[in-house]
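Here, each number is a calculation from the coordinates, and none is a lab measurement. Keep in mind the model is a prediction, meaning the values are calculated, not measured. Glycine gets a Cβ as well: all are built from the backbone with ideal geometry, and neighbour counts include every protein chain shown.
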Amino acid sequence: MSRVMSRATTRATTGATLSRTLLAIALSACALAAHAQDVLIRNATVHTATARGTLQSTDVLVSGGVVRALGQGLAAPAGAQVVDAQGRPLTPTLFGGITQIGVDEVSGESATVDQTLALGAPTREMTVRPEFDVTLAYNPASTLLPVARVEGIGWTLLAPGTAEGGSIIAGQGAVMRLDGSPDPAGPRVLFVNLGGDAVGLTGRSRAAQWMLLDQFIDEVRGRIPPDSHAAMLTPAGRATLARFLDGGGRVVVEIDRAADIRQLLRWSRRHGVRVAIASGAEAWMLAGDLAAAEVPVFVDPLLNLPGSFDAIGATLANAARLHAAGVAVGFTQSDDVSHNARKVRQLAGNAVAAGLPWDAALAGLTRVPARAFGVAEGLGGIAPGQRADLVLWTGDPLDVAHVAAQVWLGGRAIPMRSRQTDLLERYLRRQPGDAVR
């Protein structure tokens with residue numbers, strides 16, 4: 001079901017936007033040129049999202065788009081821009097969840113939606129094309145990018161969607177930086193949809209999903225010849241799937257029911273598939289098994305009611321229980337993810353309210369997805385040698401009463417503007433009787 005912010009949250013967000021404007025005046029040093037330059041951020045509360053944890057009253061030196069040093073009393077190089085953080089929080093840019101940012105511009109206009117593959121009609125055989133790569137349609141000029149960026153979201157896992165005429169294997173995606181880069185920042189990830197929501201693609205049978213997955217692997221292994229009437233994969237499809245077997249690339253499985261998750265763990269162990277779970281409403285019921293198998297789980301912490309028979313065990317404590325068992329917990333949203341990626345930090349805040357440690361919640365927006373999706377060397381932490389993707393906040397980044405004061409991507413201070421901030425300022429300036437321009 002759709003997530004709608006409460007009136008109180010809306011008021012807080014409006015007030016926070018005004019606070020951002022005031023802080024931008026106070027931090028005029030943040031209005032940098034479009035190119036990366038040396039920056040020294042002084043006196044910040046640095047949440048590194050690494051083993052170093054949180055560093056109080058710490059300076060961060062950025063040069064050439066990379067973090068060069070962390071410490072106290074660091075000297076500013078000649079010509080460096082100096083920003084006084086005044087003790088405010090500094091974090092890595094946040095993970096926006098699993099989205100279709102850049103391939104879903106206007107959801108109601110089909111020409112701007114490029115996330116799904118459905119070559120066959122619903123009444124025909126399932127179209128199985130794991131080689132489908134949604135990153136080829138990514139539009140780095142999408143208006144959704146700045147909307148997410150000004151809220152501290154620096155990257156997302158771009159995922160294909162599933163439609164009638166498609167298959168339970170939706171295709172491939174990858175991590176995309178929201179800095180205007182046109183190409184993926186990490187390796188390809190394969191997406192699979194299982195459980196009750198996907199039975200329409202498998203003859204109305206949940207059991208048939210495992211039968212079909214095993215058949216696809218039999219084709220990859222050569223146990224079903226390519227020219228067999230039973231074969232369902234193209235040569236490119238077989239080559240693609242082969243890369244994700246025997247400990248290869250990551251496979252993200254959207255799944256909720258505990259019984260299905262148990263089958264997933266058995267299937268992945270049998271075939272050497274490195275899986276991650278998206279949604280996982282009942283994942284907490286198998287927390288120990290998931291921890292032992294080192295399977296990260298990307299939850300929506302607001303799933304607390306049984307919206308389907310696959311989610312009867314949904315609870316606000318899902319993230320906290322998984323973390324307590326040793327599972328790496330990340331975050332994503334269930335609905336309207338692309339246009340509201342900025343709300344993912346609100347989800348993390350709700351997980352904290354339900355018992356998840358604050359540091360673990362920040363890790364779920366930084367370090368956990370970076371490691372899970374193969375971009376840990378370039379995203380997800382603040383450390384010397386790491387790319388300088390940073391956010392200076394007005395206060396607690398997991399509290400919607402606070403906002404991003406300045407975002408740096410690759411050491412470059414981005415304009416803190418989007419279509420939404422432009423519209424806000426336009427209509428705040430209007431006086432009674434003004435004509436609509």
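Distance between the C-alpha centers of the stretch 385-413 and the stretch 193-265? Whole Å please.
40
Per-residue counts of other Cβ atoms within 10 Å, averaged by peptide: what ranking do you get for 225-233, 275-283, 133-141, highest first?
With the highest mean Cβ count within 10 Å placed first, the list reads 275-283, 133-141, 225-233.
Can you list residues from other chains, or at least 5 along the same chain, whose modelled amide H is less than 5 Å from the amide H of Ala174?
Those lying under 5 Å, H to H, from Ala174 are Leu158, Val189.
Suppose the chain between Ser228 and Arg419 were pulled fully straight at 0.36 nm per residue; how much longer would it get relative to their current alpha carbon spacing?
The span from Ser228 to Arg419 would gain 63.4 nm if fully extended.
Are there trypsin sites (Lys or Arg not before Pro) in the stretch 176-241 that DSSP puts in a loop and that have at most 14 other Cβ atoms within 10 Å, and which ones?
Arg204, Arg223
Assuming a ≥ b ≥ c are the square roots of the Cα gyration tensor eigenvalues, decide whether the stretch 95-375 counts as rounded (a/c under 1.5), prolate (otherwise, with a/b larger than b/c) or oblate.
oblate
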